[in-house]
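The values are calculated or read from the model by the stated rules, or taken from the named source; none is laboratory data. The model shown is predicted, which means the values in this text are computed figures rather than measured ones. Every residue, glycine among them, receives a Cβ derived from its backbone with ideal geometry; neighbour counts consider all protein chains shown.
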Amino acid sequence: MDSTIVELERPWTGTIDWRAVKKWPQVVARRVGDRGEWVLGVSSLTPAGPMPQVDGTGVFGHICYEAKNRFEALSSRHEPMDGFPESHWWNARHSVIFKGSTAVLSAKREHISEGGELLDALLREPPARSALPFVEWKRQTPRGEYLAELGKLLEHIHRGDIYEVNYCTQRKANLPGFDPFNAFAGLLHHTDAPFAGFLRHGDNFALCASPERFLHIEGRRVITQPIKGTRPRHNDPAQDLALAAELAADAKENSEHVMAVDVARNDLGRVAVQGSVQVEELRAVKSYATVHQMVSTVAALLRPDVSPDELLRATYPMASMTGAPKVRAMQLIDEAEGMARGIFSGTFGFFLPDGSADLNVVIRTLTYNAATGDASLITGGAITAASIPEQEWEECELKARSVLNAFGHA
């Protein structure tokens, strides 16, 4: 068979019909908002394994939070939760890049007819979004338990064991008849999240409305963009501006943000050319559809000998979802939280043949198992010495509502 990589190009109007990927049991679709792109890869299910060599159609995949136990000398008391393999990377049978006014599919020549059918289906006019039936989401960590565990974490902070820790809670629901393809379209419409993504591994789905990028690579240049600090949007323009200004001036938010930036700088320094790590943007307040966020950009030049696997080992899990010092924070996270995080706090994305890559931070994400109908949503925030427990609880609630409101589920 002829394995030459060929391309098909079509005009693109800016919409994607997500029903087109229903037949594919392995799917990664990622928005790269600051570049005006979507990148999509599909394949049949393949065995889990180490990251393969990038071929002509690119490598797609994910890493769950619990991969930390392979990257560091850590363990977990929790059983795996959401059905996603701990780390799974695969070569795409078909990949599509949507950018500007064009969509370009890449596939091996023997698969190009099938690829053309996929591309045409993706470019159909998507159906109208339908409202989802109301269901009850049950908090797995009651408010009192959350506040008690947060108090224990604050004791560690006051003793100097750690300076910052990311603490999360979970809620669950059963969603009979849930359509993840239609629901993802609704989530995008509601949040307009710049690093959103759709992940499928067999019966397991992750619908991600992430505002946060983990890593972006162009050649040897890599950036990471930690987020810490959140405020809700407001319909009144004056009050909305006031909320953004409040976030920018908040001493507690600024302190926890700078700690995350310092961890990110240290992580990149492990694989970067000496002296190349730079903070290009610090504590910028960026406004998205449902929230204001504080974002920084840390950049570096990778040493020529650094592979994608080595980069991930140096930087994963990301600073914003762990704490400082990172290893001790992850130990305390396992003690405090009542669940494995799974794909939440992990990442998914792609490495393309041209050397570019983009990986997000899996937050604001609904996970769903099509075989059981079970769904989960985890939210959290950074805890520092300045944290007020009741306000941290409300921040978790705000982040959950930013996702559930997209489905009509508050």
(request) For the stretch 261-301, name all the residues that are modelled with pLDDT under 95, of a type in the set (A, V, I, L, M, F, W, C) and over 30 Å from residue 235 (Cα atoms). (result) 261, 263, 264
(request) Among residues belonging to the stretch 60-73 that are modelled with pLDDT under 95 and part of a loop (DSSP other than H, G, I, E, B), point out the one that is nearest to residue 355 (Cα to Cα). (result) 72
(request) Go over the candidates 200, 231 one by one and state the one that is at pLDDT below 95 and not hydrophobic (A, V, I, L, M, F, W, C). (result) 231
(request) Within the stretch 295-338, track down each residue that is assigned to a loop (DSSP other than H, G, I, E, B) and under 23 Å from residue 76 (Cβ atoms). (result) 316, 317, 318, 322, 325, 337, 338
(message) So in the stretch 379-396, with the set limited to residues that are outside any strand (DSSP E or B) and not hydrophobic (A, V, I, L, M, F, W, C), which one is nearest to residue 57 (Cα to Cα)?
(response) 395
(message) Show the residue pairs meeting these rules: Cβ distance below 8 Å; 6+ apart or different chains; first residue within the stretch 381-410 and within 16 Å of residue 231 (Cα to Cα) and without any contact (Cβ under 8 Å) to a residue 40 or more places away in the chain; second residue polar (S, T, N, Q) and crowded, with 19+ Cβ neighbours inside 10 Å.
(response) 397/379
(message) Among the residues of the stretch 36-44, are any within 26 Å of residue 125 (Cβ to Cβ) and surrounded by fewer than 16 Cβ atoms within 10 Å (Cβ to Cβ)?
(response) yes
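Per-residue answers, yes or no, for (1) within 30 Å of residue 221 (Cα to Cα); (2) part of a loop (DSSP other than H, G, I, E, B):
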{"site": "359", "(1), (2)": "yes, no"}
{"site": "362", "(1), (2)": "yes, yes"}
{"site": "367", "(1), (2)": "no, no"}
{"site": "372", "(1), (2)": "no, yes"}
{"site": "377", "(1), (2)": "no, no"}
{"site": "398", "(1), (2)": "no, no"}
{"site": "401", "(1), (2)": "no, no"}
{"site": "405", "(1), (2)": "no, no"}
(request) With the condition kept exactly as written, say whether any residue in the stretch 384-401 is in contact with a Leu (Cβ under 6 Å, 6 or more places away or on another chain) and either crowded, with 24+ Cβ neighbours inside 10 Å or farther than 23 Å from residue 336 by Cβ (or both). (result) no
(message) What's the total number of residues in the stretch 71-113 that are surrounded by 13 or more Cβ atoms within 10 Å (Cβ to Cβ) and touching a strand residue (DSSP E or B) at 6+ places or on another chain (Cβ under 8 Å)?
(response) 28
(message) For the stretch 230-249, check the following and say yes or no: at least one residue is touching a Ser or Thr at 6+ places or on another chain (Cβ under 8 Å), under 24 Å from residue 348 (Cβ atoms) and of a type in the set (Val, Ile, Thr).
(response) no
(message) Checking the condition surrounded by 22 or more Cβ atoms within 10 Å (Cβ to Cβ), charged (D, E, K, R) and more than 27 Å from residue 154 (Cβ to Cβ), which residue from 270, 233, 220, 213 passes?
(response) 213
(request) Can you run down the residue pairs with Cβ atoms below 6 Å, 6 or more apart or on separate chains, where the first is in the stretch 89-107 and within 9 Å of residue 8 (Cβ to Cβ) and the partner is modelled with pLDDT under 95 and not hydrophobic (A, V, I, L, M, F, W, C)? (result) 106/57
(request) Just give me the residues in the stretch 61-88 being touching a Cys at 6+ places or on another chain (Cβ under 6 Å) and either more than 30 Å from residue 12 (Cβ to Cβ) or polar (S, T, N, Q) (or both), in sequence order. (result) 86
(message) Residue under question is residue 406, and the condition is that it be touching a Leu at 6+ places or on another chain (Cβ under 6 Å) and surrounded by 23 or more Cβ atoms within 10 Å (Cβ to Cβ); does it hold?
(response) yes
(request) Name the single residue, out of those in the stretch 4-23 being touching a Ser or Thr at 6+ places or on another chain (Cβ under 8 Å) and farther than 20 Å from residue 125 by Cα, that is surrounded by the fewest Cβ atoms within 10 Å (Cβ to Cβ). (result) 7
(request) Quick one: which residue in 186, 219, 160 is out of contact with any His (no Cβ under 6 Å at 6 or more places or on another chain), small (Gly, Ala, Ser) and without any contact (Cβ under 8 Å) to a residue 24 or more places away in the chain? (result) 160
(request) Enumerate the strands (runs of 3 or more DSSP E) found wholly within the stretch 92-178, keeping only those where 1 or more residues are more than 30 Å from residue 371 (Cβ to Cβ) and either over 26 Å from the mean Cα position of the chain (by Cα) or of a type in the set (Asp, Glu) (or both). (result) 102-108, 164-174
(request) For the stretch 186-214, name all the residues that are touching a helix residue (DSSP H, G or I) at 6+ places or on another chain (Cβ under 7 Å) and either of a type in the set (A, V, I, L, M) or part of a strand (DSSP E or B) (or both). (result) 187, 196, 198, 205, 207, 209
(request) Considering only the stretch 339-352, state which residues are touching a strand residue (DSSP E or B) at 6+ places or on another chain (Cβ under 8 Å) and not in a strand (DSSP E or B). (result) 339, 341, 342, 343, 344, 345, 346, 352
